[in-house]
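Novice: Questions regarding the structure given below will be posed in turn.
The values are calculated or read from the model by the stated rules, or taken from the named source; none is laboratory data. Nothing here was measured: the structure is a model prediction, and the numbers come from that model. Quick reminder, even Gly has a Cβ in these numbers, built from the backbone with ideal geometry, and neighbours come from all protein chains shown. Remember, those area values only see protein heavy atoms, side chains included, never the ligands or the DNA or RNA. Shrake-Rupley method; radii C 1.70, N 1.55, O 1.52, S 1.80 Å.
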Amino acid sequence: MIALVDCNSFYASCEQVFRPDLINRPVVVLSNNDGCIIAANKEAKALTDIPMFQPIFKIRKLLDANNVTYFSSNYTLYSDMSRRVMDTLMTFSPRVEEYSIDESWVDLACLKIDNYNTIAHTIKNTVHKNTGISVGVGVAKTKSLSKLANKYAKKIPKNNNVYVVDSEQKRQHLLLQLQVKDIWGIGKKHAIRLQNNGIHTALDFANMPVAWVRKEMTVIGERLWRELNNIPCLNLETEPNAKKGIGTAKSFGFKLTDYSLIEEACSYYVAEVADLLRQQQSLASQIEISLQTNQHSAVDRQYRNSIGIQLDTPTDSTVKLTKEALKGLRQIFRPGYRYKKVGVNLTQLVHQKEVQTNLFHNPHKSESSTITNVIDTLNGKFGKNKIKVASVGNRSKEWALIKEHRSPRYTTQWGELMTIGK
Amino acid sequence: MIDLDNRLIKKSENNHRVKSPTQTGFSSPATHYSEPRIDLNEVLVTNSSSTFFIRVADDEFKEHNVLTNDVLIVDKSLAPKLNLLVLATVDDSFKIVRIDQNATEVLNIWGVITFVIKSVL
């Protein structure tokens, strides 16, 4: 049996753990740069006149009028709280697949238990007690069924956030209660097509002949069909796949016209993605730089461009990548525009050990990898970006994201601990 | 977002294995007796995934010998038992409470306080 454990309104819950005054009150979290709402708790979702995914400046008054507390996203905190939840899950089973920041599969097959209801409730209660985060738990024989069970666990209040598919009757009941669009892996297009064929509930889908499913939805649909019929086809993946590309594109805190500031931001993002690249032990063969103005502005002149630079040999060196990135940036930069965003994308990644070297170049292991190691060690010890490429500069205040309403990083910064008293 | 934890951990000092002698002359008579140095993280934090550090901002809690700028170590995983000091929420704000036999009010317990760090500098 597999349990799918999913945190309830995770970002908002993280904020509420440290703000008991906000329990049972509406809380929303804003995207990077405080652009729009990206997460809301149950109480905030219940306020139907608050449109999601709207720019904050348009709805600030509405939020204030409804006593909604809003936070800038505090990914440092969410990442640590996620780690705590995952670590707690690991105490139940050695096999846990972290699917996303707030969702994990826990393999219960390796445990000698007969009452899955008890263990599901224990998992839910323990995670809540230890971390303050409430979760829903769906238990079933396959990944797809456990995902549906989790959805159903949260949907019906009586389920108390737990649903266990431990009998044929409960499987039928679950599938009957949910729609095809609820099935994990069935997109909007397929859902509409299925409905047009008179297939509405998940049970309708699971009861179709397998040959029809294969013909209409290829082998991927067939796999889903089997999973819903209690035949496991998807394995637990406990090792994350290496990413095929690593990128970042963030808006500046202000519109920038000054090339040197954009260069600083670009260098900063290169350092970030290069660090991720090294953590997954890959090398990049190509770096793409993109630059754009604010597409939503009616008054600004518009410009956007991007460039891909093929590297002589694949590399993970921040120094080399920065050099190439800035060469590219210089080529696409045009003066006279107010820029909104720069993006850095590392692509054509290869594993460190599987690199094809160029006939005319030394292998990638050169003096620069020694320097990179020293930089990583120092930054690991003293903090992110303590040692940096000079082009990163020190004027980040003039371009960095605006996080006006970010909560303290309660669990990772000694200077930002939760305080009591007063 | 970038997880540097793995790079931070320096395993060598926490090694329980006997170290091979490093002396170039006489090998040390202490060779078989060396132990890892005390690590306060191991002593004060038993369950790291449920432990939180909380700073005290004023002298409201001095009846429990908790003063301004003290840092509480709070473990949410522990069960609140008689005589333990807990962090609880009352009317939306945090209080420090010693669990006692005659407690009448129903406490909303946030976590059990395990240690108080005081700076005396």
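Novice: Can you compute the helix-only [θ] at 222 nm over chain A? Use -39500 (n - 2.57) per DSSP H run of at least 4 residues, normalise by all residues, nearest 500 deg cm²/dmol.
Specialist: Dividing the helical sum by the residues of chain A leaves -12000 deg cm²/dmol.
Novice: If the limit is 20 Å between Cα atoms, which of A:Lys320/A:Lys388; A:Lys112/A:Lys141; A:Lys61/A:Lys154; A:Lys215/A:Lys244; A:Lys141/A:Lys170 go over it?
Specialist: From A:Lys320/A:Lys388; A:Lys112/A:Lys141; A:Lys61/A:Lys154; A:Lys215/A:Lys244; A:Lys141/A:Lys170, over 20 Å: A:Lys61/A:Lys154; A:Lys215/A:Lys244.
Novice: Short version: which residues of the range B:21-56 lose at least 40 Å² of accessible area, all chains versus chain alone, 1.4 Å probe?
Specialist: B:Ser49, B:Phe52, B:Phe53, B:Ile54, B:Arg55
Novice: What ³J(HN,Hα) values, in whole Hz, does the Karplus curve 6.51 cos²θ - 1.76 cosθ + 1.60 give for the range A:150-164 when θ = phi - 60°, with x put for Gly and Pro?
Specialist: 5, 4, 5, 4, 7, 6, 9, x, 4, 5, 6, 6, 9, 9, 10
Novice: Taking H placed 1.01 Å from N in the peptide plane, check which residues at least 5 places from A:Ile38 or on another chain put their amide H under 5 Å from its amide H.
Specialist: Excluding prolines and chain starts, which carry no amide H, the hits are A:Val29, A:Leu30, A:Ser31.
Novice: Under 13 Å from the Cα of A:Lys353, which aspartates and glutamates turn up, not counting those fewer than eight places away in the same chain?
Specialist: A:Asp316
Novice: How big is the accessible area of A:Asp258 in square angstrom, nearest 10, if you roll a 1.4 angstrom probe over the protein chains?
Specialist: Probe radius 1.4 Å; accessible area of A:Asp258 about 60 Å².
Novice: Okay, moving on. Longest exposed-loop-site-free stretch of chain A, with GluC sites (Glu not before Pro), DSSP loop and at most 16 other Cβ within 10 Å?
Specialist: A:1-236
Novice: In nm, give the distance between the simple-model label positions of A:Arg25 and A:His351, each being 7 Å from the Cα along the Cα-to-Cβ direction.
Specialist: 5.2 nm
Novice: What whole-number distance in Å separates the alpha-carbon centres of the range A:1-69 and the range A:74-88?
Specialist: So the two Cα centres are separated by 18 Å.
Novice: Right, something else. So which lysines pass the test for B:Lys81, namely a Cα distance under 23 Å, with those fewer than 8 places away in the same chain ruled out?
Specialist: Within reach: A:Lys124, A:Lys129, B:Lys62, B:Lys95.
Novice: Would the range A:270-422 count as rounded, prolate or oblate if I go by the C-alpha gyration tensor, calling it rounded below 1.5 in a/c and otherwise prolate when a/b exceeds b/c, oblate otherwise?
Specialist: Cα axes put the range A:270-422 in the oblate bin.
Novice: In Å², nearest 100, what accessible area do chains A and B bury in total when the solvent probe is 1.4 Å?
Specialist: Heavy-atom accessible area buried at this interface is about 2800 Å².
Novice: Defining a contact as two alpha carbons under 8 Å apart and six or more residues distant in sequence, what relative contact order in percent does the range A:107-260 show?
Specialist: Reported as a whole number, the value is 18 percent.
Novice: What does the C-alpha gyration tensor say about the overall shape of the protein assembly as shown? Classify as rounded when a/c is under 1.5, otherwise prolate if a/b is larger than b/c, or oblate.
Specialist: Rounded shape, in that the Cα axes give a/c under 1.5.
Novice: For the range B:80-121, give the percent of accessible area contributed by carbon and sulfur heavy atoms, probe 1.4 Å, rounded to a whole number.
Specialist: The computed percentage sits at 53.
Novice: Where a Cα-Cα gap under 23 Å defines reach, which lysines qualify for A:Lys255, not counting those fewer than 8 residues away within the same chain?
Specialist: A:Lys255 reaches A:Lys58, A:Lys327, A:Lys340, A:Lys341, A:Lys397, A:Lys403.
Novice: If you don't mind, there's one more thing I want to ask. What ranking of A:Trp414, A:Trp105 comes out by heavy-atom accessible area, probe 1.4 Å, highest first?
Specialist: So the residues, ranked largest to smallest area, are A:Trp414, A:Trp105.
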